[in-house]
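K.L.:
Please find one structure pasted underneath; my questions will follow.
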Amino acid sequence: MKRVLVATGGGDCPGLNAVIRAVVKRAAQEKDWEVVGSIQSFDGILKEPTEIKILDDAAVKGIHYQGGTIIGTTTKGGPFAWPVKNKDGSWGAADRSDEMIRKLQYLGIDAVISIGGDGSQKISQALYEKGLNIIGVPKTIDNDLSATDFTFGYQTAVQICTEAVDKLKTTAASHNRVFILEAMGRDAGWIALSAAIAGGAEACLIPEIPYDIKKVKEKLDTRFLKGKGFGIIVIAEGAMPKGGNALAEESTEVGNPNLKLSGAADRLAVELKKAGIEADIRTTVLGHLQRGGIPVAYDRVLATQFGVKAFEMVLEGKFGHMVAYHHPEVVAVPLPEAIGQQNLVDPKSNLVATAKGVGIAFGD
């Protein structure tokens, strides 16, 4: 039997299980292939004892509508930056990539399917350059990979954010308040922008368009008459005022050097008060609610397409590539192309123009 290993890395998002299931279902049609999963990305291979599991029809039955991933995921460590505790108690990192590749060979792994975002696919490319037969599957709710039109999980995150806007409108109207909803989006404001349009928000603040607090106040002022009225602002976690920066702090987690973004909504609330907004202001941070739960039908379909395509790329020997959606086709793109550039919101795009066309302010 030939063996393909599946790993899910980075933050979880709705649709991961649908990809895993699709790989297994497609592989089952080839009588000489077995699928195994590495627990918590490549950590399952690097740990002693090894943590892998057989992925067969029984293991993936009914998982396509479940959130999360049955093989776990992690944002820490990895084959090129494995956490190592030094003698003085501090932490360092070790490159265990060669060791991992040898272990994969020992386990009889013929190919690897790595499901993850920008960081995971950079690891995929580095492993491919070391000779590993690897294929990438794009995963990010931020929809910020330029090589694919959409990534699974994004539409579910937008739906969750839109439902939050809908719910906040009723309480905002009841109390004549301004509600600020903070959505995920470190560098790309796709979730916030789509939810603002779908939910009918008054303002949308995203990383690609630094905002002028005076312009945001002017928009809110139009929503109140003699103290009556309400307003909804959707803000991406990476949004920033003109001349300022996104709010972030260094992670203290071992093996996780990424910056943690938080506080965009609270900062905006303070800025609006200082600017003269008299109405009560409340903030809601969706955070990981956007990552959890049942994937919408669109994401299940896209994830299934990605899983089937990934295994067929294994059969074709198309390693060093990532699955991508180029409407209406699912294609393979070289990994360097996949990780070369982020997919950011163009301030001159049709979607931004549409938002402005229905009166949504960006503070620009």
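K.L.:
Mind checking which pairs have a first residue in segment 17-32 that is at negative phi and a second that is polar (S, T, N, Q) and assigned to a helix (DSSP H, G or I), Cβ under 9 Å, 6 or more apart or different chains?
P.N.:
Between residues of segment 17-32 that are at negative phi and residues that are polar (S, T, N, Q) and assigned to a helix (DSSP H, G or I), the close pairs are A18/T304; V19/T304; R21/T304; A22/T304; A22/Q305; K25/T304.
K.L.:
Can you give me the number of residues within segment 139-169 that are open to solvent by less than 10 Å² (accessible area, probe 1.4 Å), of a type in the set (A, V, I, L, M, F, W, C) and not in a helix (DSSP H, G or I)?
P.N.:
4
K.L.:
Still on this structure, I have one more. Take V19 and decide whether it is hydrophobic (A, V, I, L, M, F, W, C) and either closer than 17 Å to E316 by Cα or open to solvent by 10 Å² or more (accessible area, probe 1.4 Å) (or both).
P.N.:
No; evaluated as a whole, the condition is false for this residue.
K.L.:
Just to confirm my filter: which helices (runs of 4 or more DSSP H) fall fully inside segment 4-96 and include at least 1 residues that are in contact with an Asp or Glu (Cβ under 8 Å, 6 or more places away or on another chain) and closer than 28 Å to V158 by Cα? Step through it out loud before you land on a result.
P.N.:
Values: elements: 16-27, 43-46, 57-60.
Once the helices (runs of 4 or more DSSP H) in segment 4-96 are filtered for at least 1 residues that are in contact with an Asp or Glu (Cβ under 8 Å, 6 or more places away or on another chain) and closer than 28 Å to V158 by Cα, what remains is 16-27.
K.L.:
Could you please let me know if K219 is touching a helix residue (DSSP H, G or I) at 6+ places or on another chain (Cβ under 9 Å), assigned to a helix (DSSP H, G or I), more than 22 Å from C13 (Cα to Cα) and open to solvent by 40 Å² or more (accessible area, probe 1.4 Å)?
P.N.:
On the way: touching a helix residue (DSSP H, G or I) at 6+ places or on another chain (Cβ under 9 Å): no; assigned to a helix (DSSP H, G or I): yes; more than 22 Å from C13 (Cα to Cα): yes; open to solvent by 40 Å² or more (accessible area, probe 1.4 Å): yes.
Considered against the rule, which asks whether it is touching a helix residue (DSSP H, G or I) at 6+ places or on another chain (Cβ under 9 Å), assigned to a helix (DSSP H, G or I), more than 22 Å from C13 (Cα to Cα) and open to solvent by 40 Å² or more (accessible area, probe 1.4 Å), K219 comes out as no.
K.L.:
From the set of residues in segment 118-140 that are touching a residue at least 40 places away in the same chain (Cβ under 8 Å) and touching an Asp or Glu at 6+ places or on another chain (Cβ under 8 Å), which is farthest from H326 (Cα to Cα)?
P.N.:
This residue is N133.
K.L.:
Somewhere in segment 185-201, is a residue under 17 Å from R267 (Cα atoms), in contact with a Lys or Arg (Cβ under 8 Å, 6 or more places away or on another chain) and crowded, with 24+ Cβ neighbours inside 10 Å?
P.N.:
Checked against the condition, which is being under 17 Å from R267 (Cα atoms), in contact with a Lys or Arg (Cβ under 8 Å, 6 or more places away or on another chain) and crowded, with 24+ Cβ neighbours inside 10 Å, segment 185-201 yields no hits at all.
K.L.:
Taking segment 344-364 as the search range and keeping residues that are assigned to a loop (DSSP other than H, G, I, E, B) and among the β-branched types (V, I, T), which one is surrounded by the most Cβ atoms within 10 Å (Cβ to Cβ)?
P.N.:
Among those residues, the one meeting the criterion is V345.
K.L.:
Scan segment 325-338 and give yes if some residue there is at pLDDT below 95, under 30 Å from D266 (Cα atoms) and surrounded by fewer than 18 Cβ atoms within 10 Å (Cβ to Cβ), otherwise no.
P.N.:
No, segment 325-338 contains no residue that is at pLDDT below 95, under 30 Å from D266 (Cα atoms) and surrounded by fewer than 18 Cβ atoms within 10 Å (Cβ to Cβ).
K.L.:
Of a type outside the set (A, V, I, L, M, F, W, C) and under 30 Å from S174 (Cα atoms): which single residue out of R300, R291 fits that description?
P.N.:
Values: R300 fails: under 30 Å from S174 (Cα atoms).
Just a single option satisfies the conditions, and that option is R291.
K.L.:
Go through segment 69-111 and report how many residues are in contact (Cβ under 8 Å) with a residue 60 or more places away in the chain and among the hydroxyl-bearing types (S, T, Y). Step through it out loud before you land on a result.
P.N.:
So the first thing to find is which residues in segment 69-111 are in contact (Cβ under 8 Å) with a residue 60 or more places away in the chain, and the list is 69, 71-78, 81-83, 91, 93, 104, 107-111.
Now narrow it down to the ones that are among the hydroxyl-bearing types (S, T, Y): 69, 73-75.
Here the count works out to 4.
K.L.:
Checking A353 against (1) touching a Leu at 6+ places or on another chain (Cβ under 8 Å); (2) at pLDDT 95 or above, only one condition comes out false. Which one?
P.N.:
Condition (1) is where A353 drops out.
The values are calculated or read from the model by the stated rules, or taken from the named source; none is laboratory data. Note that the coordinates shown come from a computational prediction; the quantities given were computed from them, not determined experimentally. For neighbour counting, all protein chains shown are included, and Cβ atoms are generated from backbone atoms with ideal geometry for every residue, glycine included. We work out accessible area using only protein heavy atoms, side chains counted, and drop any ligands, DNA or RNA first. Shrake-Rupley method; radii C 1.70, N 1.55, O 1.52, S 1.80 Å.
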